Amino acid sequence: AAFVVFSTQAFRRRLTREISQDINSPLLIVHAEDDWDIPYSHSARLFASVVGQPEVAEEGASAAVVEGAEAGATRVAERSIDRLGKLRTLERDKGRGPVAHLQTFYGAHERVGLQEGVQDVVRAMFDL
């Protein structure tokens, strides 16, 4: 099973850290910086609430241990993807799968999921 959020509009009030505790599969939040309907900062705050406000490892550095992260979570990392955007991932233990936030440069409000790079991240994260 997988849980993918392409827009935070429907989930920004309901998907909180408490609800995320019940999601036992990978969680991917995807949002474009050029979304004029919902600021991409909303998905960044959603990711932070799910993972418990982690400190992000330096780009290009190995993942760092996160203090105060979600119970069962151990590592968060950030990396840039050329011509696509930034991917932040928090690995969780107990077979729950990762929580990730993909912040793309383009895609606006309704086309973010159509980008080849986004589809590549989905394919890799969910072993498709």
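The values are calculated or read from the model by the stated rules, or taken from the named source; none is laboratory data. Keep in mind that what you see is a predicted model, and the values were worked out from it rather than measured. Don't worry about glycine lacking a Cβ; one is built from the backbone with ideal geometry, like all the others, and counts go over all protein chains shown. When the accessible area is computed, the model is the full protein with side chains, heavy atoms only, and any ligands, DNA or RNA have been set aside. Shrake-Rupley method; radii C 1.70, N 1.55, O 1.52, S 1.80 Å.
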Can you work out which of the residues in segment 111-128 that are part of a helix (DSSP H, G or I) and touching a Leu at 6+ places or on another chain (Cβ under 8 Å) is least open to solvent (accessible area, probe 1.4 Å)? V118
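Does segment 51-70 include one or more residues that are open to solvent by less than 70 Å² (accessible area, probe 1.4 Å) and at pLDDT 85 or above? Outline the logic, then answer.
Of the residues in segment 51-70, the ones open to solvent by less than 70 Å² (accessible area, probe 1.4 Å) are 51-52, 54, 56-57, 61, 63-64, 66, 68-70.
Next cut, at pLDDT 85 or above only: none.
No, there is no match, as no residue in segment 51-70 is open to solvent by less than 70 Å² (accessible area, probe 1.4 Å) and at pLDDT 85 or above.
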Out of segment 90-110, which residues are more than 14 Å from Y40 (Cβ to Cβ) and open to solvent by less than 30 Å² (accessible area, probe 1.4 Å)? L90, R92, R96, G97, P98, V99, A100
